[in-house]
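The values are calculated or read from the model by the stated rules, or taken from the named source; none is laboratory data. These figures come from a predicted structure and were not determined experimentally. Positions of Cβ are backbone-derived with ideal geometry, glycine not excepted, and every protein chain shown enters the neighbour counts. To get the accessible areas, we keep the full protein, side chains included, count just its heavy atoms, and leave off ligands, DNA and RNA. Shrake-Rupley method; radii C 1.70, N 1.55, O 1.52, S 1.80 Å.
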Amino acid sequence: MTNMTEVFTYTACQQLSQMFFATIFFHGSEYLLAIMFHGRSNVRLSSLLISKNYLLAMLVSLMEYATEIVLFPSLKEYWWISNLGLASVVVGEVMRKLAIITGGRAFTHLIKIYHEEHHKLITHGVYRFCRHPDNAV
């Protein structure tokens, strides 16, 4: 069994810090973009996209990380895996933020069930290359 100083190595602390900063950046930027396009009066804390299920998933992911670091601490020293994961997060964030900015007021965090009269399909910007297949032109 490893002791606590071995568990919280520099690598583990850096990985956890990256995860927390990425999570804070994601939710904070989503909230700010929602205010920018829809106005403060139309944005609620639910725009942070945090639900009970989301919090449960985050808790389970942290438990998985803690279990892995206690049982297999050497696996956390493979920097290329962490860097690949961080690069994937950055690419995903850039694509999502481009989608939000391109969509502007048409982009909401609420799933629409019915087509609204004033809604137009956006086919430029990031949506030119990827969009839901049901809406493909």
Query - In order through the range 37-46: 3J(HN,Hα) via Karplus (6.51 cos²θ - 1.76 cosθ + 1.60), integer Hz, x for Gly, Pro - result: 8, 10, x, 4, 5, 9, 10, 10, 4, 5
**Report entry** Percentage relative contact order, the chain, counting C-alpha pairs under 8 Å, at least six apart
**Finding:** 29
Report task. Using label points projected 7 Å from each Cα along Cα→Cβ, tell me how many nm separate Ala66 and His38, to one decimal. Result -> 3.4
Query - Angle between the chain longest axis and helix 52-71 axis [Cα atoms, degrees, rounded to 10] - result: 30
Report task. Run the accessible area of the chain with a 1.4 Å probe and give the carbon-and-sulfur part as a rounded percent. Result -> 68
Requested in this report: Report, largest value first, the span of the C-alpha coordinates of the chain along each principal axis, in whole Å.
Outcome: 62, 32, 24
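Helix-only estimate, please: 222 nm mean residue ellipticity of the chain, summing -39500 (n - 2.57) across DSSP H runs of length 4 or more and dividing by its residues, to the nearest 500.
-19500 deg cm²/dmol
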Query raised in the report: In degrees between 0 and 90, to the nearest 10, how far off the longest principal axis of the chain does helix 79-103 point, with axes built from Cα atoms?
Result: 20
Report task. Place a +1 charge on the Cβ of each Lys and Arg in the chain and a -1 charge on the Cβ of each Asp and Glu, then give the dipole magnitude about the Cα centre in debye, rounded to the nearest 20. Result -> 620
Requested in this report: With a point put 7 Å past each Cα toward its Cβ, work out how far Cys13 is from Ile101 in nm, to one decimal.
Outcome: 3.5
Report task. May I ask you to compute the full-extension gain from Ala87 to Met58, defined as 0.36 nm times their residue separation minus their alpha-carbon distance, rounded to one decimal in nm? Result -> 8.5 nm
